[in-house]
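**Student:** Handing you a structure now.
Bear in mind these aren't lab numbers, they're just calculated from the coordinates by the rules spelled out. These numbers were taken from a predicted model, which means no experiment stands behind them. Glycine gets a Cβ as well: all are built from the backbone with ideal geometry, and neighbour counts include every protein chain shown.
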Amino acid sequence: MSAADGAIDISGGLAAWLESLGGKVLRVDEPLAVEYEATALQHALDVLGRYPPIWVRQPRLADGRMSRFGLVTNLTASREQVCSALGLDDHRRAAAWWAGRQERRIEPVTVPATDAPVRETILQRDEVDLRLLPATVQHRDNPGPYLTAAHATTCDPETGIDNSAIQRCWIKDARRMSWFPYPNSHNARNMRAWHERGEPCPVAFWIGHHPAVSVAAQVKLGYPESHWPAAGGLIGEPVRLTPSLNFDGRLLVPADAEIVIEGLARPGAMAPDGPFAEYTGFLGPVVDAPVCEVLSITHREGAVLHDCGSGLADNLIPDNIAMEGKLFSLARAVSPRLINVHAPAEGRRFLALLQFDGALAGEVRDALAAVLAWRRVKTAVALDSDIDLFDAQQVSWALATRFQWDRDLIRVDDLSTSLLDPSLEPGRKTASKAGLDATLPRHPSTPPVAHPDPEALEKAAALLKELTGMGLADGWPVK
Ligand SMILES: Cc1cc2nc3c(=O)[nH]c(=O)nc-3n(C[C@H](O)[C@H](O)[C@H](O)COP(=O)(O)O)c2cc1C
């Protein structure tokens, strides 16, 4: 359920949220293989330009058996759906909304395990078999089944402050999986702190929740800061946590999650991991990843496994919305006339569109320079208030007609970036970035935009409605 920009009800978890969407969910009742087939459905929908959550009722495992868990993928592939899950009615306002919410904090509440749906079933020791989970093999050249939306949760051994982040896991056998925290991620930092003490690092992976919690728990934070208060602040209500099965109060996990896997990453236990699809749409390289020895799996009755299509909209949309919030606050700090920011999924986190209303001299360039400093943003485009940031055709029109290379370009070289950018040559660690000011200079000879007559336009729309209602549109040529 979502209320207009207000509090949202996360207590029912993932399955309840899916049920509430009715026909907006693609329910696949026939068996579908976890190897390639679920992800292929996402690709096929992408070609159609449609992004429903996909709920596979009978995922078929590699050995031909049906999993006893359901599988949900494409959960976060639609901006509209993600924003609606967060309680925001209009996805076009996500940047300012996120910028406003990202600093709020609401402390989580801790409930006993007896009140935690995720503890309805407990599997330990010989009962643990990761191969029964409908983990997907997504793309050609992937080495095996991956958990793609598991939020790894660790803590610093000294302070106890925890961290949570989606990090992929490759299921190796019944009780072992590799887990890949980027070396500079906060989880990797926590893990190294345990290993420096000569101790194994406790890890709890929680999988599947109301999408508002899954998305909000991914907020980018400084170190050390727990993600639970930030997630609560973003969604407007506390996240319910419960002590983990093996590590008690040292690691807390979401009580309303679908599945929790707990284990230990021992010092020196490493294995190759990948290749695996990245947000760029390219396969990432084989990396060295810690191996996690699994101690238990707990889950809800009838749990569904949340899978995320790597390199697809499913993977891009939530982070891009969060990025819009971050860029909005950075650019707004130097440009009060900034009115909106959009990071289109097809830009893969390398592209940012900024919109202004009546910017004063220098303001647009200030804002462009500010966002180019942010992580992977490689191209930032400034647009006028009459351009629809969410319409790629209008953005192209603005770039084609309102921009001069000698006057409107800022280039900054050697800024930090993502090494996953496939255009970087071997050994190169920085990017060359550009800001393009495609706002139209206003002077007396600036031509007006050609607009149709409003009354005639209304009539034309009514006429088209009638004609297409007669089934004519199917045969009409497309662009
Ligand atoms: C679908 C998805 C998959 C991700 N996979 C990984 C991963 O395999 N390893 C990783 O370190 N970060 C991955 N990330 C990014 C992390 O969730 C997180 O932002 C990053 O690890 C930094 O976390 P930190 O701010 O706690 O250091 C993924 C994000 C998404 C949305």
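**Student:** Can you grab the distance from the C-alpha centre of the stretch 206-227 to the C-alpha centre of the stretch 282-342, Å, no decimals?
**Tutor:** Answer, in whole Å: 9.
**Student:** Using helices alone, what [θ] at 222 nm do you get for the chain, with -39,500 (n - 2.57) per DSSP H run of 4 or more residues, divided over all residues and rounded to the nearest 500?
**Tutor:** Helices in the chain give a 222 nm mean residue ellipticity of -7500 deg cm²/dmol.
**Student:** Related question: Can you list residues from other chains, or at least 5 along the same chain, whose modelled amide H is less than 5 Å from the amide H of residue 178?
**Tutor:** 170, 172, 292
**Student:** Give, rounded to the nearest 20 debye, the magnitude of the charge dipole that the chain has about its Cα centre when Lys and Arg contribute +1 at Cβ and Asp and Glu contribute -1 at Cβ.
**Tutor:** 720
**Student:** In addition: Need the C-alpha centroid separation for the stretch 86-138 versus the stretch 412-479, integer Å.
**Tutor:** That distance is 36 Å.
**Student:** Okay, next question. Could you sort 356-369, 119-132 so that the peptide with the highest average Cβ count within 10 Å comes first and the rest follow in order?
**Tutor:** Going by the mean number of other Cβ atoms within 10 Å, highest first, we get 356-369, 119-132.
**Student:** Within the chain, how many Lys pairs sit with Cα atoms under 25 Å apart, leaving out pairs fewer than 8 places apart on the same chain?
**Tutor:** Pairs that pass both the separation and distance tests number 12.
**Student:** With unit charges on the beta carbons (Lys and Arg positive, Asp and Glu negative) and the dipole taken about the Cα centre of the stretch 335-437, which residue among 343, 360, 396 sits farthest to the positive side?
**Tutor:** 343
**Student:** Using Cβ contacts closer than 10 Å as the measure, can you line up 154, 110, 430 from fewest to most?
**Tutor:** Arranged by neighbour count, lowest to highest, 154, 110, 430 become 430, 110, 154.
**Student:** Can I ask one more? List the relative contact order of the chain as a percent without decimals, with contacts defined as Cα pairs under 8 Å and 6+ residues apart.
**Tutor:** Rounded, it is 15 percent for the chain.
**Student:** Here's something else I'd like to know. Give the order of 36, 223, 279, 51 when sorted by the count of other beta carbons within 10 angstrom, beginning with the fewest.
**Tutor:** Taking fewest neighbouring Cβ atoms as first place, the list is 223, 36, 279, 51.
**Student:** Here is a further query. Charges on Cβ only, +1 for Lys and Arg, -1 for Asp and Glu, centred on the Cα centroid of the chain; of 249, 416, 81, which one is farthest towards the dipole's positive end?
**Tutor:** 416
**Student:** How do 432, 226 line up, fewest other C-beta atoms within 10 Å first?
**Tutor:** If I rank by nearby Cβ atoms, fewest first, I get 432, 226.
**Student:** Please list, in chain and number order, the residues 5+ apart from residue 381 or on another chain whose amide H is under 5 Å from its amide H, with Hs placed from the backbone.
**Tutor:** 352, 353, 354, 436
**Student:** Once Rh is set to the Kirkwood radius over Cα pairs, what Stokes-Einstein translational diffusion coefficient, in µm²/s, holds for the stretch 344-387 at a temperature of 37 °C and a viscosity of 0.692 mPa s?
**Tutor:** Estimated via Stokes-Einstein, D reaches 300 µm²/s.
**Student:** Evaluate 2.2 N^0.38 Å with N set to the residue count of the chain, then give the Cα radius of gyration divided by it.
**Tutor:** 1.04
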